[in-house]
Amino acid sequence: MSDAAGARRPYVRSMRGWWRRDPFFARYMLREATSVAVLAYALVLTVGLVRLAQGEAAWNGWLAALRSPWAVLLHLLLFAAMVFHALSWFEIMPKTLPAIFIGGRRLSAATITRSGWAATVLASIALCALAWWWRS
Amino acid sequence: MVDQRTIRMQVLRYHPQRDERPAWQSYTVPFTDDTSILQALLYIKDEIDGTLSFRWSCRMAICGSCGMMINGKPRLACETFLRDLAADAVRIEALAHFPIERDLIVSVGEFVAKLESIKPYLIPKEPRALAAGEYLQTPAQLARYEQFSTCINCMLCYAACPEYGLNTDFTGPGVLALLHRYNADSRDGGRAERMPIVNAEEGVWSCMAVGYCSEVCPKQVDPAHAVNQNKAISAGDYFLHFLKPKHRPP
Amino acid sequence: MDIFTFDIAIVGAGGAGLRAAIAVAESDPSLTVALISKVYPMRSHTVAAEGGAAAVTQAHDSLEAHFHDTVAGGEWLCEQDVVEYFVEHAHEELVQLEHWGCPWSRTLDGRANVRAFGGMRTERTWFAADRTGFHMLHTLFQTSTSYRSIQRFDEYFCVDLIVDAGRVQGVVTIEIATGEMRLIQAKAVIVATGGAGRVFSENTNGGIVTGDGMALAYRHGAPLRDMEFVQYHPTCMPGTGLLFTEACRGEGGFLLNSAGYRYLQDYGLGPPSPTPRNMAMELGPRDRLSQAYWHEKQRGRTISGPHGEVVHLDLRHLGERKLRERLPQICELALRYLGIDPGRQPIPVLPAVHYTMGGIMADEKTASPLPGLYSVGECSSIGIHGANRLGSNSLTELLVFGKVAGIEAARYAKAMSHGDAATVGALAEATEAGALAILMRPRGDERIATLRREMTRTMEDGCGIYRTAATLQSSCDRLAQLKQRYQRVGLDDHSRAWNTEWLLAIELGYLLDVAQAMAHSALARRESRGSHQRLDGFEQRDDASFLKHSLAFYRADQAPHIGYGPVKITHSQPGTRVYGAAAAQA
């Protein structure tokens, strides 16, 4: 027997655990999580600034703390997160810019991303060189 | 005789007049090297179970009817081939982030309503009589928006977008790409009229640049690009309101 | 049954239906329009058209030339006054679509570009990459949303016309989502439901192209005209039948047989040249190219593939840049479905059914003999294409006659009042009973798919590129049997909400009726003309006996009656179709 024609009854599926359903989403969440790493490092530097203002002893105390094994491990993790943060940002950067045409040809997303990496690497080298030259 | 390989297809079924919630059903389907998911579904409907409902038409990825989740990814059934899917079983479910009407059929009305709401038609910058012929538009000008005009309204990008899944008020990638298509058309002068939709909370500002929409788009429309480049435009629009009160749209 | 009342109902929201709706809205915004479609408008099969839309554009071209190419291409079975109107209004319609935003491909100085196309002596085909139908459809649909007076009924399946007091009074539909039946009462009805290619097994068509409007008009007494003329498009994908646009050849592609030889030169279309020459070789008309394939197959000069005998469409010499700019969708299709890069390998192709030249008889105003019923687009036979359609004429047809249909239906509706609600309601209830009877048929001995397969098989075998009395008679007999068996077809799904099996069963009924009209019309036409070619003593064209239109009239439970109607000739007297070397001299 056929049913009587009825009202629709659309079924809405839950979004619970949505970011575990696809590796792309997991990667996205990781990307967003690196902002926590950025915040953490900003706090570390802020503390350093405060210690600097409190005088040489405080400053040296802070530097000593940074040399502890746990601090080094933390910094390695933070550094890895920052690198991932930068790389994933450059991946999405082309999407935020309007299409760029140079000499009639469109600049590809890959080129824009690679320019970002290149600028990062150059800036990092420059800063490290500066820091090395100024060490004392 | 060609080898008769078979594969197990698990399909999420749901009937609005019979079922409390969706449930999986399994079918065994023969296939060859060029069998698509759509062909497999048609085999099921023709030979095994006529009650399986799904949308389809062109078979060539241009009508946008057959979007669904295939092994967890938003794909068009007509251009997804069994030969490319690893595993001995295939899981098929209605397109994610949309309510299920029945089996593999989702509610499309809201998407279409959003599409209609953005003034998806040319609002000419300057009038031109038909007798004067076509507006002039160079290939370079066409290239500025052509990509965004190739959207087939398949909604895979909505299934890929977690922001939309969490908040269905979000105008969404496909519709915003179409909006951008018109704003970027050299013949169009309707940008000011469309900006309220761009600027709204449910406009570009609900986008968190996940970027999955552009990954899954079968036509390389790149909706993520359309949406995200409009964030700068939207911000500019906002600040201009302060600088130039006359800039406010009517 | 719920009744919705409108001034005009349009069944089918593809290019023709949308253009008609816009035309009504523009001619008189106070008229209410119901735009009814069994799929969302952007899914209509217009979307799959690729090559382009023709209109006289270049300075050295002329309306006369387009007229003659079309009439000769149709082997003089065209209504010449209609063709005159068509070629005259083509350009302004393409410009109108451009004003509405259609992204036509351009020349360097910004004008609309034109390309060469089969059977056209000069370039006059406007195109939007190789997705012309897609862009036209989306432009029309998006533009239609700006008109308040158009109300859409998306995913409403039309099951019948209501005819009372000698005129059309509306349509009965199924709201697919719920299975609820609804009557849409209207003073004029425009049918724009597309062709019926799904009657054949190999075809370029989408699943929805099932001759719905043709069958409905036919069952209510409107004759189906020239149904025997079915176009085989020469370059389609083996297995699926998907289309590789004629533009591949317009841009310079070659057709090669198993010896790598451009065989078309053996069929009066030569001599070959390295670059495309209008009206010659690969730019000959579609019927000739499909027939050449058939002969090559008989001679054993085709290539065997997993899906049958193929020839090769060679685009390698076109170069990456041209392929990417002019034929992007083709490249995508070949790559995704066949794993072939057209820049490196030739594409295997064979002819498949693509277009139905015949349809509901329509006069130059798109009116059918049934008052209040208009038809436009592939479902109609208004007389442009005759025995063989030239590529890129049909997309333009949607626009030129979509507008005419809208204006005429508006004019008619304004002069009429609605019929008696009680009578109309009762007729609708009767239709509902019939549709529900199909729904309730138990899972029986006949499956829809079995009958459909046998129908398409017999049409392919008996009513294909070449026909004989024996094969045609066999098809006619088979179809009669299939119609009998259709009375016993059973469904698995007896529910109401989103029951697509129910719709497939109803569509099968439409297909069988249309197939019968095709096969019987073909059997009766004892000559060869255009796409109707015979091998049984009637290999020649016979103007004396058959320069006339076939008219198929429905008779319930019987074979159709085939009558004839005159062909309107204005100033092109029937002659010889001239292609190849002869065309260059003409």
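The values are calculated or read from the model by the stated rules, or taken from the named source; none is laboratory data. These numbers come from a predicted model, not from an experiment. Positions of Cβ are backbone-derived with ideal geometry, glycine not excepted, and every protein chain shown enters the neighbour counts.
Assuming C:Asn203 fulfils every condition listed in (1) surrounded by fewer than 24 Cβ atoms within 10 Å (Cβ to Cβ); (2) within 14 Å of another protein chain (Cβ to nearest Cβ); (3) within 25 Å of the chain's Cα centre (by Cα) apart from one, which condition is it?
(1)
Please count how many residues of the range C:44-53 are assigned to a loop (DSSP other than H, G, I, E, B) and either hydrophobic (A, V, I, L, M, F, W, C) or free of Cβ contacts under 8 Å to residues at least 40 places away in the same chain (or both).
Going residue by residue through the range C:44-53, those that are assigned to a loop (DSSP other than H, G, I, E, B) are C:44, C:49-52.
From what's left, either hydrophobic (A, V, I, L, M, F, W, C) or free of Cβ contacts under 8 Å to residues at least 40 places away in the same chain (or both): C:49.
Looking only at that region, the number is 1.
Go through (1) outside any strand (DSSP E or B); (2) surrounded by 14 or more Cβ atoms within 10 Å (Cβ to Cβ); (3) over 25 Å from the mean Cα position of the chain (by Cα) one by one and return the number of the condition B:Arg18 breaks.
Going through (1) outside any strand (DSSP E or B); (2) surrounded by 14 or more Cβ atoms within 10 Å (Cβ to Cβ); (3) over 25 Å from the mean Cα position of the chain (by Cα) one by one, B:Arg18 breaks only (2).
State which residue is nearest to the other protein chains (Cβ to nearest Cβ) when the search covers only the range C:435-445 and only residues that are surrounded by 14 or more Cβ atoms within 10 Å (Cβ to Cβ) and in a helix (DSSP H, G or I). I'd like the intermediate steps shown before the answer.
Applying the first criterion (surrounded by 14 or more Cβ atoms within 10 Å (Cβ to Cβ)) to the range C:435-445 yields C:435-436, C:438-439, C:441.
Subsequent filtering for residues that are in a helix (DSSP H, G or I) retains C:435-436, C:438-439.
Numbers: C:Ala435: 11, C:Leu436: 7, C:Ile438: 11, C:Leu439: 5 Å.
Within the range C:435-445, the match that is nearest to the other protein chains (Cβ to nearest Cβ) is C:Leu439.
In the range B:101-113, what residues are facing chain C (nearest Cβ under 9 Å) and either within 18 Å of the chain's Cα centre (by Cα) or not in a loop (DSSP other than H, G, I, E, B) (or both)? Don't jump to the end; show me each part of the working.
To start, the set of residues in the range B:101-113 that are facing chain C (nearest Cβ under 9 Å) comprises B:101-103, B:105, B:107-109, B:112.
Once the filter is applied, which keeps residues that are facing chain C (nearest Cβ under 9 Å) and either within 18 Å of the chain's Cα centre (by Cα) or not in a loop (DSSP other than H, G, I, E, B) (or both), the range B:101-113 yields B:Glu101, B:Arg102, B:Ile105, B:Ser107, B:Val108, B:Gly109, B:Val112.
Considering the range C:409-429 alone, what residues qualify as being surrounded by 24 or more Cβ atoms within 10 Å (Cβ to Cβ) and either in contact with a Phe, Trp or Tyr (Cβ under 6 Å, 6 or more places away or on another chain) or among the aromatic types (Phe, Trp, Tyr) (or both)?
Answer for the range C:409-429, where residues must be surrounded by 24 or more Cβ atoms within 10 Å (Cβ to Cβ) and either in contact with a Phe, Trp or Tyr (Cβ under 6 Å, 6 or more places away or on another chain) or among the aromatic types (Phe, Trp, Tyr) (or both): just C:Ala409.
Do you know which of the residues in the range B:132-149 that are within 7 Å of chain C (Cβ to nearest Cβ) and assigned to a helix (DSSP H, G or I) is nearest to B:Leu122 (Cα to Cα)?
Of the range B:132-149, the ones within 7 Å of chain C (Cβ to nearest Cβ) are B:133-139, B:142, B:146, B:149.
Those still in the list that are assigned to a helix (DSSP H, G or I) too: B:139, B:142, B:146, B:149.
Details: B:Pro139: 18, B:Leu142: 14, B:Glu146: 14, B:Ser149: 12 Å.
Ranking the candidates gives B:Ser149 first.
B:Leu240 fails exactly one of the following numbered conditions: (1) surrounded by fewer than 19 Cβ atoms within 10 Å (Cβ to Cβ); (2) without any contact (Cβ under 8 Å) to a residue 60 or more places away in the chain; (3) within 14 Å of chain A (Cβ to nearest Cβ); (4) touching a helix residue (DSSP H, G or I) at 6+ places or on another chain (Cβ under 9 Å). What is the number of that condition?
All conditions pass for B:Leu240, except number (3).
Mind checking which residues of the range C:132-155 are facing chain B (nearest Cβ under 7 Å) and assigned to a loop (DSSP other than H, G, I, E, B)?
C:Thr145, C:Ser146
List, please: which pairs have Cβ atoms under 8 Å, are six or more places apart or on different chains, and start with a residue in the range B:167-189 that is on the phi > 0 side of the Ramachandran plot and end with one that is at pLDDT 95 or above?
Listed by first residue and then by second, the contacts come to B:Gly172/B:Phe111; B:Gly172/B:Lys114; B:Gly172/B:Cys157; B:Gly172/B:Tyr158; B:Gly172/B:Cys161; B:Gly172/B:Tyr164.
Restricting to the range B:51-66, what's the tally of residues that are more than 7 Å from chain C (Cβ to nearest Cβ) and over 12 Å from B:Cys151 (Cα atoms)? Spell out the reasoning first.
Step one: filter the range B:51-66 for residues more than 7 Å from chain C (Cβ to nearest Cβ), giving B:52, B:54-55, B:61, B:66.
This time we only want the ones that are over 12 Å from B:Cys151 (Cα atoms), so: B:52, B:54-55, B:66.
So the count comes out to 4.
I need a count of the residues in the range C:156-180 that are in a loop (DSSP other than H, G, I, E, B) and either within 14 Å of chain A (Cβ to nearest Cβ) or buried (at least 23 other Cβ atoms within 10 Å of the Cβ) (or both).
Selection size over the range C:156-180: 4.
Checking C:Gly51 against (1) crowded, with 24+ Cβ neighbours inside 10 Å; (2) at pLDDT 95 or above; (3) within 14 Å of chain B (Cβ to nearest Cβ), which test does it fail?
(2)
Residues that are in contact (Cβ under 8 Å) with a residue 40 or more places away in the chain and within 14 Å of chain A (Cβ to nearest Cβ): does the range B:114-130 have at least one?
Restricting attention to the range B:114-130, the residues satisfying the condition of being in contact (Cβ under 8 Å) with a residue 40 or more places away in the chain are B:114-115, B:117-126.
The next check asks that each one be within 14 Å of chain A (Cβ to nearest Cβ); those that pass are none.
Among the residues of the range B:114-130, not one is in contact (Cβ under 8 Å) with a residue 40 or more places away in the chain and within 14 Å of chain A (Cβ to nearest Cβ), which makes the answer no.
All but one of (1) part of a helix (DSSP H, G or I); (2) out of contact with any Ser or Thr (no Cβ under 9 Å at 6 or more places or on another chain); (3) closer than 17 Å to B:Arg102 by Cα hold for B:Ala40; state the number of the condition that does not hold.
Just one mismatch for B:Ala40, condition (3).
Out of the range C:137-180, which residues are among the aliphatic types (A, V, I, L, M) and closer than 15 Å to C:Ala217 by Cβ?
Just the residues of the range C:137-180 that are among the aliphatic types (A, V, I, L, M), to begin with: C:137, C:140, C:150, C:159, C:161-163, C:165, C:168, C:171-172, C:174, C:176-177.
Passing the criteria: C:Val159, C:Leu161, C:Ile162, C:Val163, C:Val168, C:Val171, C:Val172.
Say we look at the range B:212-224 and pick out the residues that are surrounded by fewer than 24 Cβ atoms within 10 Å (Cβ to Cβ) and within 22 Å of A:Met29 (Cβ to Cβ); which of these is nearest to the other protein chains (Cβ to nearest Cβ)?
B:Tyr212
Output the residue which, of all residues in the range A:79-110 that are more than 10 Å from chain B (Cβ to nearest Cβ) and in contact (Cβ under 8 Å) with a residue 24 or more places away in the chain, is farthest from the chain's Cα centre (by Cα).
Looking at residues that are more than 10 Å from chain B (Cβ to nearest Cβ) and in contact (Cβ under 8 Å) with a residue 24 or more places away in the chain, I get A:Phe90.
Being of a type in the set (Gly, Ala, Ser) and crowded, with 22+ Cβ neighbours inside 10 Å, is that true of even one residue in the range C:446-459? Talk me through it step by step, then tell me what you get.
Taking the range C:446-459 first, the residues of a type in the set (Gly, Ala, Ser) are C:449.
Within this subset, residues satisfying the condition of being crowded, with 22+ Cβ neighbours inside 10 Å are none.
No: zero hits.
Out of C:Asp557, C:Asp513, I need the residue that is of a type in the set (Asp, Glu), out of contact with any Asp or Glu (no Cβ under 8 Å at 6 or more places or on another chain) and surrounded by 17 or more Cβ atoms within 10 Å (Cβ to Cβ). Which one? Give the derivation first.
On the way: C:Asp557 fails: surrounded by 17 or more Cβ atoms within 10 Å (Cβ to Cβ).
The conditions single out C:Asp513.
Tally time: how many residues in the range C:54-68 are outside any loop (DSSP other than H, G, I, E, B) and either buried (at least 24 other Cβ atoms within 10 Å of the Cβ) or within 18 Å of the chain's Cα centre (by Cα) (or both)?
2
Given the options C:Ala422, C:Ala497, C:Ala430, name the one that is on the phi < 0 side of the Ramachandran plot, more than 14 Å from every other protein chain (Cβ to nearest Cβ) and at pLDDT 95 or above.
Numbers: C:Ala422 fails: at pLDDT 95 or above; C:Ala497 fails: more than 14 Å from every other protein chain (Cβ to nearest Cβ).
Among C:Ala422, C:Ala497, C:Ala430, only C:Ala430 is on the phi < 0 side of the Ramachandran plot, more than 14 Å from every other protein chain (Cβ to nearest Cβ) and at pLDDT 95 or above.
Find the residue count for the range C:100-131, including only residues that are of a type in the set (Lys, Arg), more than 9 Å from chain B (Cβ to nearest Cβ) and assigned to a loop (DSSP other than H, G, I, E, B). Show your work before the answer.
The first filter runs over the range C:100-131 and keeps only residues of a type in the set (Lys, Arg), leaving C:106, C:111, C:115, C:121, C:124, C:131.
Narrowing further to those that are more than 9 Å from chain B (Cβ to nearest Cβ): C:115, C:121, C:124.
Pick out the ones that are also assigned to a loop (DSSP other than H, G, I, E, B) and you get C:121, C:124.
Result for the range C:100-131: 2.
Whether any residue in the range A:23-33 is exposed (fewer than 11 other Cβ atoms within 10 Å of the Cβ) and away from chain B (no Cβ under 14 Å) is what I want to check. Let's see the steps before the verdict.
First pass over the range A:23-33, keeping only residues exposed (fewer than 11 other Cβ atoms within 10 Å of the Cβ): A:23.
Okay, now just the ones that are also away from chain B (no Cβ under 14 Å), so none.
The answer is no, given that none of the residues of the range A:23-33 is exposed (fewer than 11 other Cβ atoms within 10 Å of the Cβ) and away from chain B (no Cβ under 14 Å).
Among the residues of the range B:190-211, what is the count of those that are free of Cβ contacts under 8 Å to residues at least 60 places away in the same chain and over 26 Å from A:Leu30 (Cα atoms)?
Within the range B:190-211, the first condition is being free of Cβ contacts under 8 Å to residues at least 60 places away in the same chain, and the residues that meet it are B:191-192, B:195-196, B:198-211.
Within this subset, residues satisfying the condition of being over 26 Å from A:Leu30 (Cα atoms) are B:191-192, B:195-196, B:198-200.
Within the range B:190-211, residues that are free of Cβ contacts under 8 Å to residues at least 60 places away in the same chain and over 26 Å from A:Leu30 (Cα atoms) number 7.
Give me the residue from the range C:301-334 that is free of Cβ contacts under 8 Å to residues at least 40 places away in the same chain and of a type in the set (Gly, Ala, Ser) and, out of that set, farthest from C:Pro234 (Cα to Cα).
Of the residues in the range C:301-334, the ones free of Cβ contacts under 8 Å to residues at least 40 places away in the same chain are C:304, C:316, C:319-321, C:323-324, C:331-332.
Retained after the next criterion (residues that are of a type in the set (Gly, Ala, Ser)): C:304, C:319.
Values: C:Ser304: 17, C:Gly319: 23 Å.
Checked the range C:301-334; the qualifying residue farthest from C:Pro234 (Cα to Cα) is C:Gly319.
Of the residues that make up the range C:266-283, is at least one on the phi > 0 side of the Ramachandran plot and surrounded by 20 or more Cβ atoms within 10 Å (Cβ to Cβ)? Explain how you work it out, then say what you get.
Here is the first cut: in the range C:266-283, the ones on the phi > 0 side of the Ramachandran plot are C:268, C:279, C:281.
Filter once more, keeping what is surrounded by 20 or more Cβ atoms within 10 Å (Cβ to Cβ): C:279, C:281.
Yes, the range C:266-283 contains at least one residue that is on the phi > 0 side of the Ramachandran plot and surrounded by 20 or more Cβ atoms within 10 Å (Cβ to Cβ).
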